Structures are given as C-alpha cells and as structure tokens.
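Written below as structure tokens is the structure these notes are about.
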Amino acid sequence: MSAPSVFLRDNDKEYWRFLPEGLRHLLREFETVEVIPEGNSLTGFFRTCNVYLQAFFRPRILASLWQWTIVPFLNVAGFVLEELAGHNDDFAANYSVWARK
C-alpha cells in the first residue's frame with residue numbers, strides 16, 4: 001500500500017489521515033505493519049514544489065522546457081539536501097506500507 005501525504009503532521013497520534021499512525025490504525029488487524037516514509041521532509045518539500053509549480057506554470061508552451069530543466073534540478077537538490085539533513089519525515093510526500101496477516 002502507498003499513501004500520499006502532503007501536509008505537516010501535527011502529532012504522532014494522528015489517526016484521521018493516511019499518516020504513519022493512521023495507516024497502522026487501519027491495518028491493526030495485521031500481525032506486522034511497517035510504515036516507510038518515501039524520503040524526508042526536504043524531499044516532500046521539493047516534490048510538492050515540483051507538482052505545484054509545474055501545474056501552474058504558464059505559458060504552457062514553455063512547460064516542456066520547465067519539465068526538462070527546473071524539475072530535474074529540484075529533484076536532485078532535494079535528494080542532496082535529504083542526504084545532508086538526516087531523518088525527519090514530518091513532511092514526507094508519501095508513505096509505503098508493508099503488512100502481513
């Protein structure tokens with residue numbers, strides 16, 4: 001299972017969104033549940049910037065230029081900063097879940 005998460009987590013016991021504790025709560029009948037953030041908060045920030053900037057980029061004729069220059073740059077910047085910043089998944093863009101009955 002994979003769940004998108006684009007908003008800051010208010011606290012660790014938040015069950016109403018598809019964040020780590022909410023996913024564990026949904027899958028509580030399973031024997032083991034492992035929730036894995038896909039990147040850290042910086043990765044989430046850069047992914048979110050890419051999505052919003054590309055969606056609102058005008059004029060559309062320049063969108064392919066944007067897609068092949070700025071988007072890869074932001075992705076690489078996010079990856080490099082993720083490695084430097086360490087673990088903080090409060091603003092992770094997605095979570096993957098492995099559950100076993």
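The values are calculated or read from the model by the stated rules, or taken from the named source; none is laboratory data. The shown structure was predicted, so the numbers you read here are calculated from the model rather than taken from an experiment. Using ideal geometry, Cβ is built from the backbone for each residue, glycine included, and neighbour counts are taken over all protein chains shown.
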With the structure loaded, tell me whether Arg47 is more than 17 Å from Phe18 (Cβ to Cβ) and in contact with a strand residue (DSSP E or B) (Cβ under 9 Å, 6 or more places away or on another chain) or whether it fails that test.
no
Taking the range 30-49 and keeping residues out of contact with any helix residue (DSSP H, G or I) (no Cβ under 7 Å at 6 or more places or on another chain), over 20 Å from Gly86 (Cα atoms) and not charged (D, E, K, R) leaves Phe30, Thr32
Could you tell me whether Val51 is under 15 Å from the mean Cα position of the chain (by Cα), β-branched (Val, Ile, Thr), on the phi < 0 side of the Ramachandran plot and modelled with pLDDT under 75?
no
Among the residues that make up the range 61-78, is at least one of them in contact with a Ser or Thr (Cβ under 7 Å, 6 or more places away or on another chain) and over 19 Å from Met1 (Cα atoms)?
yes
Modelled with pLDDT of 85 or more, over 17 Å from the mean Cα position of the chain (by Cα) and of a type in the set (Phe, Trp, Tyr), is that true of Phe57?
no
Pair list, Cβ < 6 Å and 6+ apart or interchain, from the range 48-77 residues that are closer than 23 Å to Ala92 by Cβ to residues that are surrounded by 13 or more Cβ atoms within 10 Å (Cβ to Cβ) and not hydrophobic (A, V, I, L, M, F, W, C)
Val71/Asn50; Leu74/Asn50
